[in-house]
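Undergrad: A single structure is presented below for examination.
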Amino acid sequence: MSNSSGIQKLRTVLLLGGITFGLSALALLIAPELFAQLLALAPSNELSWSLRMIAITLVALTGNMLVTSRVGTDQGVLWAARVMLVSAFALGLLTLLIPAEFTWFTILYALVGFGFSFGYAAFLLKIARGK
C-alpha cells in the first residue's frame, strides 16, 4: 500500500470514528439515563451529569477527528491515528471493565472501540511496511 493510499484510508477511519463519537456524544447529551441503563449502570443524577460532561469532551474530539481527516497534514493524520489506536483500544477495554454485568450493548460498545483500534493498527502497519 502506498503511503498516499494508506494515509487516505486513515483519513477515512478518522472520519468514521469522528462520526461514531459524534453520535455517542449526542446520545449522551440527550439520553444519559438510557445510555447508563444500556451499560447496566444504575441511573443517578451524578452519573447523568458525568455522562453529559463526557459528551462535551466527545464533541471536541469529534471536531478534531473530522478536521484532521479532512485538512490535516499527512504527519498530523499519522499522529492522530496513533493516538486514536491507543484511545479506541482503551475505550474497548474500559467498557469491558465497567463494574456491572455484561449486556449486549456493553459488548457491542467494546467491539466498536476494538474495531476502530484494529483499523488504525492495520493501516499504520501497512504504511510502516510500505505495503
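Undergrad: Give me the residue from the stretch 97-123 that is touching a Gly at 6+ places or on another chain (Cβ under 9 Å) and open to solvent by 30 Å² or more (accessible area, probe 1.4 Å) and, out of that set, farthest from Ile7 (Cα to Cα).
TA: Ranking the candidates gives Tyr109 first.
Undergrad: How many of the residues in the stretch 1-14 are in a helix (DSSP H, G or I) and at pLDDT below 95?
TA: Summing the residues that are in a helix (DSSP H, G or I) and at pLDDT below 95 in the stretch 1-14 gives 4.
Undergrad: Related question: Would you be able to say whether some residue in the stretch 41-59 is within 30 Å of Ser4 (Cα to Cα), modelled with pLDDT of 95 or more, out of contact with any strand residue (DSSP E or B) (no Cβ under 6 Å at 6 or more places or on another chain) and of a type outside the set (Phe, Trp, Tyr)?
TA: Quick first cut of the stretch 41-59, residues within 30 Å of Ser4 (Cα to Cα) only: 58-59.
After this cut, where a residue has to be modelled with pLDDT of 95 or more as well, the list is 58-59.
Imposing the further condition that a residue be out of contact with any strand residue (DSSP E or B) (no Cβ under 6 Å at 6 or more places or on another chain) reduces the set to 58-59.
With of a type outside the set (Phe, Trp, Tyr) added as a condition, the list becomes 58-59.
Looking for residues that are within 30 Å of Ser4 (Cα to Cα), modelled with pLDDT of 95 or more, out of contact with any strand residue (DSSP E or B) (no Cβ under 6 Å at 6 or more places or on another chain) and of a type outside the set (Phe, Trp, Tyr), one finds at least one in the stretch 41-59, hence yes.
Undergrad: Tally up the residues in the stretch 85-131 that are in a helix (DSSP H, G or I) and either free of Cβ contacts under 8 Å to residues at least 40 places away in the same chain or polar (S, T, N, Q) (or both), please.
TA: Selection size over the stretch 85-131: 27.
Undergrad: Return only the number of the condition from (1) among the small types (Gly, Ala, Ser); (2) surrounded by 14 or more Cβ atoms within 10 Å (Cβ to Cβ); (3) farther than 25 Å from Ser4 by Cα that Ala88 does not satisfy.
TA: (3)
Undergrad: Of everything in the stretch 42-84, what is open to solvent by 40 Å² or more (accessible area, probe 1.4 Å) and not in a helix (DSSP H, G or I)? Give them in sequence order.
TA: Answer for the stretch 42-84, where residues must be open to solvent by 40 Å² or more (accessible area, probe 1.4 Å) and not in a helix (DSSP H, G or I): Ala42, Pro43, Ser44, Thr73.
Undergrad: Can you pull out the residues in the stretch 15-38 that are in a loop (DSSP other than H, G, I, E, B) and buried (at least 18 other Cβ atoms within 10 Å of the Cβ)?
TA: none
The values are calculated or read from the model by the stated rules, or taken from the named source; none is laboratory data. Since this is a predicted model, take the numbers as computed values, not measurements. Using ideal geometry, Cβ is built from the backbone for each residue, glycine included, and neighbour counts are taken over all protein chains shown. Surface areas here come from the heavy atoms of the whole protein model, side chains and all, with no ligands, DNA or RNA. Shrake-Rupley method; radii C 1.70, N 1.55, O 1.52, S 1.80 Å.
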